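Asks: The structure under discussion is supplied below as structure tokens; questions concerning it will follow.
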Amino acid sequence: MKSTPLTDTHVTLGARMAEFAGYHMPISYQGINVEHQCVRENVGIFDVSHMGEFVLKGPRALELVQSVTSNDASKLEVGDVQYSCLPNDAGGIIDDLLVYRLQENSYMLVVNSSNIEKDWSWIQSHNKFDVEMNNISDRAGLLAIQGPNAIEVLQKLTETNLSAIPYYKFARGVFGGVKNVLMSNTGYTGAGGFEIYYENLDSGELWNKIFEAGKEFGIMPCGLGARDTLRLEMGFCLYGNDIDDTTSPLEAGLGWITKFSKDFTAKSILEEQKAKGLSRKLVGFEMIDKGIARHGHEIMDANGNTIGVVTSGTQSPSLQKAIGMGYISIENAKEGTTIFINIRDKNLEAKVVKMPFLKSKS
């Protein structure tokens, strides 16, 4: 297994460790529910240095980004971030990713750790634009500081006005005494906060400084377990569970990042799918009967016919109810439809609900 620069720190802190995407990663420290609520109500910190980062440079860098991603990167100004995906030749999803416009002719793509090699090879094979490609995944560190108090903690460590950075935008500056840190108003929790990119040699120093700055707020280290429950409450897809090479962005509810105003891989296939209509759709559901749906459980109709499959499921710490996501036949995808989840050979009642499961307090 690979390690991040902070792996020894997690072990020292008593984290429950496990393999994730080839990395030795913390699953939880004090418990998933405790860490989850800390992020929702206060502030927590995640080591996500296992993520991949590619930098694409050159006069035609935008053309390469446009050709391999589904969203319209021509809309990005320097300092903007965009959620997108890499479609394959059949209209499935190679990966979902973030696109950062670093400079006029320079972009950073942030990809899932399990897909670094696959994504790199795919983009490289489509680089007919003579774009300089740099895989900086092994050099880049990434911390996600999330929660309503995150900005107060982080502002102590930089003169950059974090409150002036809108959602899905970033700035670069000195942070915690370290130069050229990218401070991004993004995250995977729906709780607000920032993601901090830096040279991974500075990982220990920045981790410690963030903890010192967050001491008065009771900042907690958080593992991948809480990260998963937090993202699921918001209806955010997890690659390998809710989206993969066999699911199209339209089926996954990602039509909003699929822009037919430009050319990209599998555009014609996805246009045809949109014109014909979908046969299945990713929906959210909440359990009515007692039970927790898990990835791979069958979804049934009232007559016992299989109509889909669960892709993610958990007991929501915020809502105190069991929730999940899954692909089901389009005729059963309407909000309020009664469905059944086959859990241990019992068909337990659930209903289709609108996502996100956790509504904004504002």
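Asks: Using Cα positions and a limit of under 17 Å, work out the lysines in reach of residue 128, with same-chain residues fewer than 8 apart set aside.
Replies: 57
Asks: In addition: If I model a spin label at residue 75 and residue 268 as a point 7 Å from the Cα along the Cα→Cβ vector, what separation in nanometres do I get?
Replies: 2.6 nm
Asks: With a/c under 1.5 counting as rounded, go ahead and sort region 220-362 into rounded, prolate or oblate using the C-alpha gyration tensor (a ≥ b ≥ c being the square roots of the eigenvalues; past the cut-off, prolate if a/b is larger than b/c, else oblate).
Replies: Note, shape of region 220-362 comes out oblate.
Asks: Moving on to the next point. Whose amide H sits under 5 Å from the amide H of residue 51, counting only residues 5 or more places off or on another chain, with H placed in the peptide plane?
Replies: HN-HN under 5 Å from residue 51: empty list.
Asks: Each residue of region 204-218 in turn: what ³J(HN,Hα) in whole Hz from Karplus with 6.51, -1.76, 1.60 and θ = phi - 60°, glycine and Pro shown as x?
Replies: Computed from phi, the couplings for region 204-218 are x, 4, 5, 3, 5, 5, 5, 5, 5, 5, x, 4, 5, 9, x Hz.
Asks: For the chain, what proportion of DSSP beta bridges, expressed in % and rounded to the nearest 5, is antiparallel?
Replies: DSSP beta bridges in the chain are roughly 95 percent antiparallel.
Asks: Please list, ordered by chain and number, the residues whose modelled amide H lies under 5 Å from the amide H of residue 2; skip anything fewer than 5 residues away on the same chain.
Replies: 23, 24
Asks: For region 137-229, what class follows from the C-alpha gyration tensor (a ≥ b ≥ c being the square roots of its eigenvalues): rounded when a/c is under 1.5, otherwise prolate if a/b is larger than b/c, else oblate?
Replies: rounded
Asks: Now a separate question. Structure shown: which of 118/334; 118/267; 2/75 lie over 29 Å apart, alpha-carbon to alpha-carbon?
Replies: 118/334; 2/75
Asks: To continue, here is another question. Say R0 is 22 Å: what FRET efficiency, to the nearest 0.05, do residue 234 and residue 20 get from their beta-carbon distance?
Replies: 0.65
Asks: Place a +1 charge on the Cβ of each Lys and Arg in region 52-135 and a -1 charge on the Cβ of each Asp and Glu, then give the dipole magnitude about the Cα centre in debye, rounded to the nearest 20.
Replies: Taking the Cα centre of region 52-135 as origin, the dipole is about 100 debye.
Asks: If you don't mind, there's one more thing I want to ask. Could you rank the peptides 263-270, 315-322 by their average count of other C-beta atoms within 10 Å per residue, with the highest value first?
Replies: Details: 263-270: 17.1, 315-322: 15.5.
So the order, starting with the most tightly packed, is 263-270, 315-322.
Asks: What lysines could a cross-link reach from residue 179, if we take a straight Cα to Cα line under 16 Å and drop same-chain neighbours fewer than 8 places away?
Replies: Within reach: 156, 209.
Asks: Report the gain in length on full extension from residue 320 to residue 129: 0.36 nm times residue separation, minus Cα-Cα distance, nm rounded to one decimal.
Replies: Gain in length upon complete extension: 63.7 nm.
Asks: Can you work out ³J(HN,Hα) from phi for every residue in region 165-176, in order, using Karplus 6.51 cos²θ - 1.76 cosθ + 1.60 and θ = phi - 60°, giving whole Hz and x for Gly and Pro?
Replies: 9, x, 4, 6, 9, 9, 9, 10, x, 7, 9, x
Asks: Between residue 117 and residue 344, what is the label-to-label distance in nm when each label sits 7 Å out along the Cα-to-Cβ direction?
Replies: The modelled label-to-label distance comes out at 3.9 nm.
Asks: Please work out how much length the chain gains when fully extended from residue 103 to residue 156, using 0.36 nm per residue of separation minus the C-alpha to C-alpha distance, in nm with one decimal.
Replies: Computed gain between residue 103 and residue 156 is 16.4 nm.
Asks: With contacts defined as alpha carbon pairs under 8 Å and 6 or more residues apart, what's the relative contact order of region 279-353 in percent?
Replies: Numbers: 194 pairs, mean separation 30.1, N = 75.
So the answer I get is 40 percent.
Asks: For region 38-53, just list the computed ³J(HN,Hα) in residue order, Karplus coefficients 6.51, -1.76 and 1.60, θ = phi - 60°, integers in Hz, with x standing in for Gly and Pro.
Replies: Whole-Hz 3J(HN,Hα) from phi for region 38-53: 4, 5, 4, 10, 9, 7, x, 10, 10, 8, 10, 6, 6, 5, x, 9.
Asks: If I model a spin label at residue 205 and residue 90 as a point 7 Å from the Cα along the Cα→Cβ vector, what separation in nanometres do I get?
Replies: In this crude label model, residue 205 to residue 90 measures out at 4.8 nm.
Asks: Under 16 Å from the Cα of residue 290, which lysines turn up, not counting those fewer than eight places away in the same chain?
Replies: Of all the lysines, those that pass the test against residue 290 - Cα under 16 Å, at least 8 places apart if same chain - are 321, 346, 351.
Asks: Across the Cα atoms of region 82-144, what radius of gyration and what greatest pairwise Cα-Cα distance (Dmax) are found, in Å?
Replies: Rg, Dmax (Cα atoms, Å): 12.1, 34.
Asks: Related question: Between residue 57 and residue 33, what is the FRET efficiency for a Förster distance of 41 Å, r being their Cβ-Cβ separation, to the nearest 0.05? Can you show the working numbers first?
Replies: Working: r = 44 Å, r/R0 = 1.07.
Step by step, r from the Cβ atoms, then E = 0.40.
Asks: Another question, if that's okay. Given H placed 1.01 Å from N in the peptide plane, which residues other than close sequence neighbours of residue 102 have an amide H under 5 Å from its amide H?
Replies: 107, 108
Asks: According to the square roots a ≥ b ≥ c of the eigenvalues of the Cα gyration tensor, what is the shape class of the chain, taking rounded for a/c under 1.5, prolate for a/b larger than b/c otherwise, and oblate for the remainder?
Replies: It comes out oblate by the Cα gyration axes.
Read-outs throughout are calculated quantities, based only on the coordinates presented, and are distinct from any laboratory measurement. The shown structure was predicted, so the numbers you read here are calculated from the model rather than taken from an experiment. Because the Cβ atoms are built from the backbone with ideal geometry, glycine has one as well, and the counts that use them run over all protein chains shown.
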